[in-house]
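Asks: Below is one structure. I have some questions about it.
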Amino acid sequence: MEYRYNNNAFVLGTSKKLTIPLNLIVYGAVIYIGVLYYGLKLLPDFTIASEITFARPDFDNMVRMAVPAGIYLGGLTLLGLSIYEIYTCLNHYKVTYIKILSLFVTLQYIAAAMFLFGLTLVSR
């Protein structure tokens, strides 16, 4: 498998020609489902209106479940991508000196991402 980095298409060596249409298909499907399921409408003042109504306890319950799920998903994604990037760093270059420099820079970016992720968890 060849490692190529072009427009987020590096995971399986897919090309840019395939990545952009797939992104458009996914975004289009999400918008279409949102319009059908939630009755979303674009108003003349460029705001989005919806036909959904819910009570305050329903909203509180949804937030109570969604916030921890989002934190776990974000943490697992950060961990998975960090492991992937360290692995790529160590296996992409042939020269040991460049490997070490690349690993050092990658670890700095991972540390910065972890600090930023931690800042989002601070309660007010």
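Values quoted throughout were computed directly from the atomic coordinates according to the rules given, and no laboratory measurement underlies them. Nothing here was measured: the structure is a model prediction, and the numbers come from that model. Note that each Cβ is placed from the backbone with ideal geometry, even for glycine, and that neighbours are counted across all protein chains shown.
Asks: If the label point is 7 Å along Cα→Cβ of residue 72, which residues in the stretch 105-124 have backbone nitrogen under 18 Å from it?
Replies: The answer is 121.
Asks: For the pair residue 63 and residue 101, how long in nm is the line joining their label points, each one 7 Å along Cα→Cβ?
Replies: So the two model labels end up 4.9 nm from each other.
Asks: Let me ask another. Give, to the nearest whole percent, the P(r) tail of the stretch 54-124 beyond 16 angstrom, counting all Cα pairs.
Replies: When all Cα pairs of the stretch 54-124 are counted, 61 percent exceed 16 Å.
Asks: May I pose another question? So between residue 109 and residue 25, what do we pick up on full extension, going 0.36 nm a residue minus the alpha carbon distance?
Replies: Stretched fully, the residue 109-residue 25 segment lengthens by 27.1 nm.
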